[in-house]
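What follows is calculated from the coordinates using simple rules that are stated; it is not laboratory data. Just so we're clear, the structure is a prediction, and the values are computed from it rather than from any experiment. FYI the Cβ positions are ideal-geometry reconstructions off the backbone, even for glycines, and counts take in every protein chain you see.
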Amino acid sequence: MSIHHSSQAGTIPPKEPGRRWRTRPTHRWTRRSVWVTGWVIAAGWAGFFPLFSDQATHRTWGLCAAVAYLCAAGAACLLPRPRAAELSVGLALTGAVVLPFVYLALTGQAQGEVEVIERAGTLLLHHGTPYLAHPRTVMDYTPYLPGMALFGMPRALLGDHSAAARLFGDARLWCAVALLLSLHAGRVVLRGHGSRAGDRAGSGGAGRREPSSYAIGVVVLTASPVIAMPLCVSGIDMPLIGLCCLGLALAARRRPVAAGLALAAACSLKWTALPAIAVAVVLLARDAGARAAVRGAVTSLAATVALVLPCALVSPSAMVQQVLAFPTGRGDLPTPAGSPMPGQLLAGTGTFGWYLTTALLLCGGLVVSVWLVLRPPAGAVAAADRLAAGLCTAFLLAPAGRFGYFALPVVLVLWSRRADPAHNTAARPATRPVALAARARSRPTTIPTHD
């Protein structure tokens, strides 16, 4: 005879014939090798600039960062495992961000954009407009919207008479602060939205380890060449990146007014942020309804107009010439943004080429818009992917552009995946022991006995 018992929690289920259990898969790539490989690639990227760049700021950053990345690779390879990753990240952050930034700021070395922003801050403070009435050289142009001038005001207020004034008046410092504060605020918003799901996910304290994982991910992203180089040499895109991330996070949290205000602040810096409004509105329409989407759209557009209109009324002609015509290659002087991308190369063939690349840009924007409407994003990660795809299309096909512009889509894709606990929970597969225990609890076993 036999007696049927329901297996209890912790009972080892019977082994199925012909099946082997593997508790730990074999990986050819260990975590240590991934760290070492990543830092070596970053060192190669940074080492390109001292050899081939014609800008002193790029050469200075590249030399310092290449040494830092090699030291980080050595630390990740040789140090004991529990602290190898943290120490390598600290070395990379110090050598690729902190040291070159402080040196360049104290010596007054920067790309021309920094000088333009700081002059715009002085003009806005004293004349109510950041634009020169009659620009004569490329450096006289301010191809940014009025909000960017706010990051140049510390220089106008502090001057450069001392080391402290040169450091704390540098526009790059406040651009970096805006980036980090915006990313932190976006993380807080998303964590509040998905913290319960994250707390329920996994076992053995996985939810408690996740904030540390996020912090390390953000530090690695900041120390990587994607952020470290533009932050040290120019910094103008840092606030735009942070505000776009924050705006999408607020839209995913179903806060249309706050999302609209964040994206309006981004749009007051550069026209590049305008596609983020469309993505946020579609995200709100899907998750919170048409009413919330309308509120977000009206808030963002009205706030953008309120931030830009005063300067447009003071100097309308200068603003059109410097913000619209000059960056697209239709101004009196050629734009210095000349990275060899398809749109730039095509526009350089002449007037017909410029119109052709503009038509391709519009077609690319239409394709991305149709994709956005037919496949509306669900959550911050999907919204960031849609926005990144649209921006990459625009940067590739624009008549003028730089490789540095791609920092925005890269950060959108990487940061959103680290910051959204709901995405991390959904992407984390169940471990084999948990799955086997669940199946054992739901299946009865037969234990033969003999009289």
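The protection proxy used here, the mean number of other Cβ atoms lying within 10 Å of each residue, ranks peptides 175-185, 148-158 as follows, highest first: 148-158, 175-185.
Ordering 277, 236, 216 from the fewest to the most neighbouring beta carbons within 10 Å gives 216, 236, 277.
Straightening the chain between residue 94 and residue 158 buys 20.4 nm, computed as 0.36 nm per residue apart minus the Cα-Cα spacing. Extension gain for residue 134 to residue 168 (0.36 nm times residue separation, less C-alpha to C-alpha distance): 9.2 nm. Sequence-ordered 3J(HN,Hα) estimates for segment 305-316 from the Karplus curve with 6.51, -1.76 and 1.60 and θ = phi - 60° stand at 4, 5, 7, 9, 4, x, 5, 5, 6, 6, 9, x Hz, glycine and proline given as x. Averaged over residues, the count of other Cβ atoms within 10 Å places the peptides 130-137, 221-228, 244-251 in the sequence 244-251, 221-228, 130-137, highest first. With contacts taken as Cα pairs under 8 Å at a separation of at least 6 residues, segment 231-328 carries a relative contact order of 26 percent. Seen through its C-alpha gyration tensor, with square-root eigenvalues sorted a ≥ b ≥ c, segment 32-109 comes out oblate because a/c lies at 1.5 or above while a/b is not bigger than b/c.
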